[in-house]
Amino acid sequence: MNYDQTFANALKTIKEEGRYREFADIRRRCGSFPTAEHFSGDSKRDIKVWCSNDYLGMGQNARVIAAMHEAIDNAGAGSGGTRNISGTTHYHVELESELADLHQKEAALLFTSGYVANDASLSTLVKLLPGCVIFSDEKNHASMIEGIRHGGGPKHIWRHNDLAHLEELLKEHDLDTPKIVAFESVYSMDGNISPIEDICDLAKKYNALTYLDEVHAVGLYGPRGGGVAERDDVLAKVDVVEGTLAKGFGLMGGYIAASSDIVDAIRSFAVGFIFTTSLAPAIVAGALTSVRHLKASQMERERHQERARTLKRKLREAGLPVMENPSHIVPVMIGDPVLCKALTDALMDRYNIYVQPINYPTVPRGTERIRLTPSPLHSDAEMEHLIDALNQLWGEMDLRRAA
């Protein structure tokens, strides 16, 4: 076995397909978001970031930053261990209480990322429920898919947001068979929103638990930032809510919120939780401040929704193929991985605009796109610069026909 050649061949394949991923070497400028510095060799220049998941710019919030500085001064850098062995700081306890309250649940549990939260929680739930069958929306995130796989139980994939298909699959199993219906609220690549209440009612009819991923909704929707389920006043119908601290709240980490028994069971059995060093106190303190701030402040959410609507309108008026949806997600279809990469390279090189190409396996082949994320801090002038750049490049690259 020629190991190096095997790896080289694998890389050659994805490069030829146009989906080799390159990292942009950037450093966000504190207090000036969406401005960042882009490093290339020995040089650097200012760019505008249009693809950050820090949707509300809370990673730049002065109160959040101050809370992180204070936590470092008080507690030092790291947590010191796993949650079970010295890594449960008072910051962790406070944040879990705030998150349980946010989702109107009895308890919450922190993880090091949203990916880990889904993987650890779903796999553990399946293992703890003998004979459990999972029903997973076909567009669920990779972390949910991996969690279901690691659980090792039987599963059914139901067509995206198709309630008739979900019911057809649920009917195949006895009422007393343990079941979990796993789905998302906001689907991050297309921007669709699921009919949460209808799914929960269907799950209850067939005696199934509901597991809702609100990663792209927490902080952004609802009167206190509790997500689409809070916005639609259906939190009581959801058994397990999974969220992140890395998007609307601007930090890092993931969590679940559920009944005390569900949370305690996952805390006690999930290897992805038990054997991982806990989040640093500064991160947790920042997230705690962010959650508390967004429970009370509507300004960021209202401005964010306005910015998303405005950008979609400007893209439509320019004749650019923005994908319509009811959420804050702004995808623009390209349909070809090579053209998608060429477009984003040109945006960076010629216009100092950073947008990352989205390609397979994040989206299906032939649906490659750019995914724009306007924040409350993006100005009208920055939008106009983006639209002008896209218009120019679209014509040069003949992308209208490709799309």
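Among the residues making up region 230-260, those that are charged (D, E, K, R), surrounded by fewer than 22 Cβ atoms within 10 Å (Cβ to Cβ) and within 24 Å of Met299 (Cα to Cα) are Arg231, Asp232, Asp233. Under the condition of being free of Cβ contacts under 8 Å to residues at least 40 places away in the same chain and closer than 22 Å to Lys312 by Cβ, which residue from region 336-356 is surrounded by the most Cβ atoms within 10 Å (Cβ to Cβ)? The residue in question is Thr344. Glu300 falls short of the stated requirement of being charged (D, E, K, R), part of a helix (DSSP H, G or I) and either on the phi > 0 side of the Ramachandran plot or surrounded by fewer than 18 Cβ atoms within 10 Å (Cβ to Cβ) (or both). Among all residue pairs at least 6 apart or on different chains, which show Cβ distances below 6 Å where the first residue, located in region 261-281, is surrounded by 14 or more Cβ atoms within 10 Å (Cβ to Cβ) and the second is in a loop (DSSP other than H, G, I, E, B) and among the basic types (Lys, Arg)? Once the first residue is surrounded by 14 or more Cβ atoms within 10 Å (Cβ to Cβ) and sits in region 261-281, its partners that are in a loop (DSSP other than H, G, I, E, B) and among the basic types (Lys, Arg) give Ser278/Arg83.
Residue count for region 33-62 under the criterion of being surrounded by fewer than 17 Cβ atoms within 10 Å (Cβ to Cβ), out of contact with any His (no Cβ under 6 Å at 6 or more places or on another chain) and either touching a residue at least 40 places away in the same chain (Cβ under 8 Å) or farther than 21 Å from Ser297 by Cα (or both): the result is 10. Without any contact (Cβ under 8 Å) to a residue 60 or more places away in the chain, open to solvent by 10 Å² or more (accessible area, probe 1.4 Å) and of a type outside the set (Val, Ile, Thr): does that describe Glu98? So Glu98 does not fit the description; no. Just a yes or no: is a residue in region 369-380 surrounded by fewer than 18 Cβ atoms within 10 Å (Cβ to Cβ), within 25 Å of the chain's Cα centre (by Cα) and at pLDDT 95 or above? Yes; the residues of region 369-380 include at least one that is surrounded by fewer than 18 Cβ atoms within 10 Å (Cβ to Cβ), within 25 Å of the chain's Cα centre (by Cα) and at pLDDT 95 or above.
None of Val93, Val133 is hydrophobic (A, V, I, L, M, F, W, C), without any contact (Cβ under 8 Å) to a residue 40 or more places away in the chain and surrounded by fewer than 23 Cβ atoms within 10 Å (Cβ to Cβ) except Val93.
The values are calculated or read from the model by the stated rules, or taken from the named source; none is laboratory data. What you see is a predicted model; the values in this text were computed from it and never measured. Cβ atoms come from the backbone with ideal geometry, glycine included; neighbour counts cover every protein chain shown. Remember, those area values only see protein heavy atoms, side chains included, never the ligands or the DNA or RNA. Shrake-Rupley method; radii C 1.70, N 1.55, O 1.52, S 1.80 Å.
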